[in-house]
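One structure is given below, encoded as structure tokens.
Please treat every number below as a calculation from the coordinates, not as lab data. Given the structure is predicted, the values throughout are model-derived calculations rather than measurements. Cβ sites come from the backbone with ideal geometry, for glycine too, and all protein chains shown count toward neighbours.
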Amino acid sequence: MMGRYRLLSLLVIGVVLLSPCSQAAEKEDDGEVTVEVEDPSDYTSPQPNGHYHFAENFDDIQAFKKNWVLSEAKKEGIDEDIAKYDGVWEIEPPVRDGLGGDLGLVLKSKAKHAAISSRLKKTFHFHDKPLVVQYEVLLQEGQECGGSYLKLIAVDSTTNDLRNFHDKTPYSIMFGPDKCGNDHKLHFIFRHKNPKNGTFEEKHCSKPKERLEEPFKDKQPHLYTLIIRPDNTFQISVDHKIVKEGSLLEDFTPAVNPPAEIDDPNDKKPADWDETEKIPDPDARKPADWDETAPAQIPDPTATKPEGWLDHEPDMIPDPNAEKPDDWDNEMDGDWEAPLIPNPACEKAAGCGKWSPPLINNPEYKGKWRAPLVPNPNYQGRWKPRRIANPDFFEDKSPFRMTSISAVGFELWSMSNMILFDNLLITDDPSVAAAYAADSFDLKRKKLDQSAESLVTRIINYSNDNPWLYAIYIVAVGLPLVLIAVFFCGSSESEEMKKAARAKKTDMDLADDVQDINELQDDLQDDQQQLGDEDEEDEEEEEEDDDGDDESETGTAATSSETSRTSKTQLDLQENEPAAEGSGDAPRSPRKRRTRKD
């Protein structure tokens, strides 16, 4: 019967556990599960949906060749051999885990200067709309030292010909990752124009608080987004996560606006200016008992030389087993001396050599006397130059109004190659950038996440998309636990019932009955042994005492009595054995025979 219960329990558990899988399979058949993007036909080159100034997905090779210009310029101030921009650019898919049909701009060379740029579809003017810059970077071989930032080229007479694009080309904003050694940066630099003299100065954004090492070593695509608003606020995001935000007026070095006052560069500290806050007391005198010659430490006067100290034995002795090398030249090397080794005679002694007491601190030591310090009556404080109005002061309340942007380009030097750029967008609408990323970067990340996630993670994600599965999980876990509990509890009760039933049967020996019979047989053997000993004693008494007829008769009668009692015990045993076999209850223990003494 219990075998049937077990089989039924296993069948129920199997049905419950398989039901979520069948439900999930049905959902997949219904088309409700998102399929991984692997087929090239599933990928479509992203296009911005809304107003934008520049968009490039690098999927159209012919359009790329038409719109992008390689630099033919040379860097200034360096050797001719390395001054050329001879880095190699190619349009190709990612080395691994790419979407079918998706291409990118790849910097193939390393340790070379490389520059390439393209004209904007429409010039961006910093007026009343925000600037949104967004692009992807994939460091396919990681990054040792080098940058992967872009430059928004300013409108200027020197930027009309992009073939002359180089490191000194005027730009308005430089934005993107950069690394060398352990210095990981996310650049945001803008060139601010001085309203007084018209000169430009670079303003560097302070570093984000979060650490940004992972994008430089995980060899996965990352999305970098910069938003600058007309109210002078900005926001930097990496993979849709904000890592830095602040104000153009507060978070840049040097500050946009210079201080209103500065130290007078012509002001000099007077020669008699006293900056000493305290001086030695001129009225103090050294005490007469002050001994400056007393040493800091003296020999301990209470110390005594330990017993067994060997005064005439040195601590180290020449090695008696050492031999002068054959190639030793006394004229070149000097007189040869055996190396020193610890003196064996000192190993068991308290010490060797001249004994001297240990040093202790001298209680009379006071050191060199110095007069105590007192406030300086002539102290004038720390001197500072006087403040004057800053002749170069200005206040620019709208640093957002930078020089207009007419082109975008990459001007790089890197010790790592295979740097891939993709999906570059410049717009004035953050929602356009978000939608553009959803059609490009987000698809890549989703594919990478799906390929990397474990079975447990997939189950959790699928369950979050289908909350009704949690009810099935509760039943799938709870019902087997209930069945298992009932199964084991029922088995325990059945065993107790079987045991009670066996106790009521009349044709089976129980453990207690067998134990009582064994004890009765042991008593019978003891009685027989004791009876044999008594018979031997009676025979000896008859031989020793010829005149003791009465005593012999008495002994014979006693022997007969014992024999009769033994026979009766055997008869009781024979009667009790079948009773023990047929009784369901524990039999009574047989009464033990009394000894002769009793």
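Compute the label zone of H204 within segment 223-254: residues whose backbone N is under 13 Å from the point 7 Å along Cα-to-Cβ. Answer for this model: 252-254. In this rough spin-label picture, where each label sits 7 Å from Cα along the Cβ direction, the A260-S247 distance is 1.6 nm.
The length gained on full extension between I484 and V374, counted as 0.36 nm times the residue separation minus their Cα-Cα distance, comes to 30.7 nm.
What is the distance in Å between the Cα centres of segment 121-168 and segment 251-278? If we compute the Cα centre of each part, the gap is 39 Å.
Length gained on full extension, R163 to S45: 39.7 nm, using 0.36 nm per residue less the C-alpha separation. Can you list the lysines whose alpha carbon sits under 20 Å from that of K305, skipping same-chain ones fewer than 8 residues off? Those lysines meeting the cut-off are K348, K354. Rounded to 0.05, the FRET efficiency of the V477 and E90 pair, given R0 = 56 Å and the Cβ-Cβ distance, is 0.55. Pairs with C-alpha atoms separated by more than 32 Å, drawn from the list K129/K444; K122/K447; K268/K368; K110/K193, are K122/K447; K268/K368; K110/K193. Overall dimensions of segment 277-429, expressed as equivalent-ellipsoid semi-axes from the Cα gyration tensor (√(5λ), whole Å, largest first), are 73, 47, 18.
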